[in-house]
Amino acid sequence: MLENRVAIVTGAARGIGAATALLLARQGAKVAVCDIEAELTEMVSAGIRAEGKEARTFLCDVSMPTQTDQLVKDVVDVYGKIDILVNNAGICPRIPVDEMTEEMFDLMFGINLKPIFFLTRAVANVMKPYKWGRVVNISSTGGRIGGIHNTTVYSGTKGGMLAMTKTLARHYAPYNILINAIAPGAVDTRMFENVQTDAREEYIGTVPLKRMAKPIEIAHSIVHLCSEETTWVTGATLDVNGGVVMM
Ligand SMILES: NC(=O)c1ccc[n+]([C@@H]2O[C@H](COP(=O)([O-])OP(=O)(O)OC[C@H]3O[C@@H](n4cnc5c(N)ncnc54)[C@H](O)[C@@H]3O)[C@@H](O)[C@H]2O)c1
């Protein structure tokens with residue numbers, strides 16, 4: 001259980017982030033539900049509060065360090081500390097190699113990778129004095145083995161995230177801040193809707209469990225890495241993918 005823990009979940013307006021925010025709150029954590037989508041984010045927070053749990057909406061563009069610094073300050077102002085950070089916000093526009101622009105390249109690295117450094121650093125500075133912290137970065141099978149379906153740049157952001165997870169894990173280990181990554185396979189969220197039906201069916205055919213995941217199935221693994229009982233795992237990548245990649 002996570003009573004007295006304070007968690008930030010980014011990209012929590014829907015999909016994996018929304019499921020994670022709900023599950024952390026059900027475990028007793030106070031949850032800062034963070035996204036750029038005001039209405040959807042408030043629906044998630046309100047849904048959690050309707051269950052008698054604690055959650056508040058924090059609007060923040062994770063690609064902008066000025067905004068993530070402010071997010072950390074605002075969460076500390078409201079809840080007094082931060083124990084858990086789930087770096088989940090991400091975008092995956094599927095763009096063929098020859099159509100990729102510099103602007104889109106920078107946008108994808110800005111949203112998917114930049115907060116893994118800047119937001120994690122800001123949160124870790126709050127965690128340090130308490131000598132307790134959990135950070136979970138949401139990568140992808142694309143970051144593990146390379147991407148498919150026009151995800152060249154996306155897979156680069158997710159692979160970079162895995163290297164940074166290990167380096168940050170070493171850096172913050174003296175403060176008992178454990179930093180891990182999860183590499184999901186295909187999950188049934190809006191992000192996977194832009195994959196055409198035949199490509200989707202072909203992909204599912206390659207998954208040993210023969211289906212996509214539901215967001216809650218990824219959330220359970222995230223919450224496991226955030227738990228009080230997870231004390232000896234840091235710098236690891238957990239593959240949560242129905243068996244499609246085994247490393
Ligand atoms: N769905 C999949 O198949 C899949 C597979 C592997 C990894 N992932 C990863 O899981 C994470 C969650 O994805 P999802 O499938 O739930 O997708 P989703 O599109 O449903 O949710 C992503 C959320 O991130 C938010 N977001 C986007 N840009 C943001 C920004 N600049 N600042 C703050 N929030 C922002 C969106 O508003 C949205 O709520 C992503 O990092 C994604 O790369 C997803």
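Where a number appears in this text, it was derived from the coordinates with a stated rule and is not lab data. Just so it is clear, the model here is predicted, and its values are computed rather than measured. Note that each Cβ is placed from the backbone with ideal geometry, even for glycine, and that neighbours are counted across all protein chains shown.
Return one number: the angle in degrees, 0 to 90 and rounded to the nearest 10, between the long axis of the Cα atoms of helix 38-50 and the longest principal axis of the Cα atoms of the chain.
It is inclined by approximately 60 degrees.
Which order do the peptides 134-144, 67-77 come out in when sorted by mean C-beta neighbours inside 10 angstrom, highest first? Mind showing how you got there, number by number?
On the way: 134-144: 26.1, 67-77: 18.0.
Answer by packing, highest mean first, reads 134-144, 67-77.
Using packing as a proxy for protection, rank 44-51, 15-22 so that the peptide with the highest average count of other Cβ atoms within 10 Å comes first. It would help to have the intermediate numbers written out before the result.
Working: 44-51: 16.8, 15-22: 26.9.
Result, highest mean first: 15-22, 44-51.
Measure nothing fancy, just the Cα-based angle from helix 65-79's long axis to the longest principal axis of the chain, in degrees from 0 to 90, nearest 10.
Taking the Cα atoms of the chain, the angle to 65-79 is about 40 degrees.
Taking a ≥ b ≥ c as the square roots of the Cα gyration tensor eigenvalues, with a/c under 1.5 meaning rounded and otherwise prolate when a/b beats b/c, else oblate, which class fits the stretch 181-237?
On the way: a/c = 2.98, a/b = 2.47, b/c = 1.21.
It is prolate, given that a/c is not under 1.5 and a/b is the larger ratio.
Can you give the Kirkwood hydrodynamic radius for the stretch 9-91, in Å, rounded to one decimal and based on Cα pairs?
Values: mean 1/r = 0.0811 Å⁻¹.
This gives a value of 12.3 Å.
List the residues of the stretch 207-247 whose backbone N lies under 11 Å from a point placed 7 Å from the Cα of Lys166 along the Cα-to-Cβ direction.
Within reach of a label on Lys166, which here means backbone N under 11 Å from a point 7 Å along Cα→Cβ, the stretch 207-247 contributes 235-237.
Take the alpha-carbon centre of the stretch 7-68, take the same for the stretch 201-226, and report the distance between them in whole Å.
Their Cα centres are 21 Å away from one another.
Could you calculate the FRET efficiency of Ile216 with Ile91 from 1/(1 + (r/R0)^6), where r is the beta carbon distance between them and R0 is 25 Å, rounded to 0.05? Display every interim value, and only then the final one.
Numbers: r = 22 Å, r/R0 = 0.86.
According to the calculation, E is roughly 0.70.
Relative to the longest principal axis of the C-alpha atoms of the chain, give the angle of the C-alpha long axis of helix 152-172, reported between 0 and 90° and rounded to the nearest 10°.
That works out to roughly 30 degrees.
Simple spin-label model, 7 Å along Cα-to-Cβ: Arg190 to Glu39 in nm?
So the two model labels end up 1.1 nm from each other.
I need the Debye-formula profile for the chain: one equal scatterer per C-alpha, no solvent, reported as log10 I(q)/I(0) at q = 0.09, 0.13, 0.15 1/Å, two decimals.
Debye curve over Cα of the chain, log10 I(q)/I(0) at q = 0.09, 0.13, 0.15 Å⁻¹: -0.35, -0.75, -1.01.
Sorting check: for 105-115, 205-215, 186-196, 28-38, which peptide has the highest mean count of neighbouring beta carbons within 10 Å, and how do the rest follow? Please list the in-between numbers first.
Details: 105-115: 19.7, 205-215: 13.7, 186-196: 15.5, 28-38: 23.5.
The most tightly packed comes first, giving 28-38, 105-115, 186-196, 205-215.
For Glu202, put the label point 7 Å out on the Cα→Cβ axis and report which residues of the stretch 137-179 keep their amide N under 16 Å from it.
Hits in the stretch 137-179 for Glu202 at 16 Å: 147-152.
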